[in-house]
Amino acid sequence: MEMKTVTIRLRPEELDAVRRRAEAQGKSLQAHMHDTLLAESVEADRLLRRSVREGSEQYAEAFAEFDRDNDRRLAQLREASRSSEREIGEW
């Protein structure tokens, strides 16, 4: 995995809060931020995958419904065509 640098700008009160959380967990500020960013990244990936999966399922269902409607219309057209066929000499 390629490592990237992330720059985060925090207001002084936010930085103090992050430092307190890191100390409470017995971690350095850097380790705490690393773990937090990793957890957020994993959660964002999970949510994105779920969203894509749900979107694909919705698309598939919409396509299947369109396909069923199209089959019904074609069946109606065939039936209408059969009922309008005339015997030779019939007007």
Q | Assigned charges on the beta-carbon of Lys, Arg, Asp, Glu; the chain dipole about Cα centre (debye) | A | 520 debye
(Q) Just to verify a number: what accessible area does Ser51 come out at with the full protein assembly present, 1.4 Å probe, Å² rounded to tens? (A) 70 Å²
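When the accessible area of the stretch 15-91 is computed with all protein chains present and a 1.4 Å probe, what percentage of it is carbon and sulfur?
54 percent
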Q: Specify which residue in the list Ser56, Pro12, Ser81 is farthest towards the positive end of the charge dipole of the chain, using unit charges on the beta carbon of Lys, Arg (+1) and Asp, Glu (-1), about the Cα centre.
A: Pro12
Q: For Cα Rg over 2.2 N^0.38 Å, several values are listed as [x] 1.23; [y] 2.53; [z] 1.16; flag the one computed from this structure.
A: [y]
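The values are calculated or read from the model by the stated rules, or taken from the named source; none is laboratory data. The shown structure was predicted, so the numbers you read here are calculated from the model rather than taken from an experiment. Glycine also receives a Cβ, built like all others from the backbone with ideal geometry; neighbour counts cover every protein chain displayed. For accessibility, only protein heavy atoms count, side chains too; no ligands or nucleic acids. Shrake-Rupley method; radii C 1.70, N 1.55, O 1.52, S 1.80 Å.
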